[in-house]
Structure formats: C-alpha cells, structure tokens
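*Asks:* Okay, here's the structure, questions in a sec.
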Amino acid sequence: MFLKILIFLIVISLIARFVLRFLLPIMQVTRAARQQMQDMQQHMNAMNNQRAEKQKPNQRLDGEFIDYEEVK
C-alpha cells in the first residue's frame, strides 16, 4: 500500500514538474505573442484611419463631367 502511494506521488510530481516547466512557459509566450499581434493590428488600423481622415478633405466632391460621344 505504501509503495502504491509513493509511486502515485512520484508520478503526480513528475506531471506537475512537466506542466510547470514546459507547458506553462509555452502558454505564456503564446499569450504574449497574441497580445503583441493584436496591439500591432490596432496600431496599424489607427494609422490607416488617420491617413484616411487626412486624405478625405483633398478629394473633389463635384467631379469632372466628360461628354459622351457615340462611337460608330
């Protein structure tokens, strides 16, 4: 009985060590990379919005009229 409990505790400790030393850092790096990607996308969207706002007043609203000639 004592040997069973000892083996069980060793297996649990190995699993916990694996999770804490391997999986947890991978999850943290993945989360940080995802956050940086979202920040970059937000930054690029903000830059595009600013650029679009600056270009809007320069556009002519009335446009140019081009005569239509029928080609025979």
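Read-outs throughout are calculated quantities, based only on the coordinates presented, and are distinct from any laboratory measurement. What you are looking at is a predicted structure, and each value in this text was computed from that prediction instead of being measured. Neighbour counts run over all protein chains shown; Cβ positions are idealised from the backbone, glycine included.
*Asks:* Please report the Cα spread of the chain along all three principal axes, rounded to whole Å, starting with the longest.
*Replies:* 101, 36, 13
*Asks:* Along the positive direction of the dipole of the chain (beta-carbon charges: Lys, Arg +1; Asp, Glu -1; about the Cα centre), which of His43, Ile7, Leu20 reaches farthest?
*Replies:* Comparing the listed Cα positions along the dipole, Ile7 ranks first.
*Asks:* Rounded to the nearest 20 debye, what is the charge dipole size of the chain about its Cα centre when +1 sits on each Lys and Arg Cβ and -1 on each Asp and Glu Cβ?
*Replies:* The dipole of the chain has a size of about 1040 debye.
*Asks:* Express in nm, to one decimal, how much length is gained between Arg51 and Met1 on full extension, taking 0.36 nm for each residue of separation and deducting their alpha carbon distance.
*Replies:* Roughly 10.7 nm would be gained on extension.
*Asks:* A further question follows. Label Ala16 and Thr30 with points 7 Å out from Cα along Cα→Cβ: what is the distance between them in nm?
*Replies:* 2.3 nm
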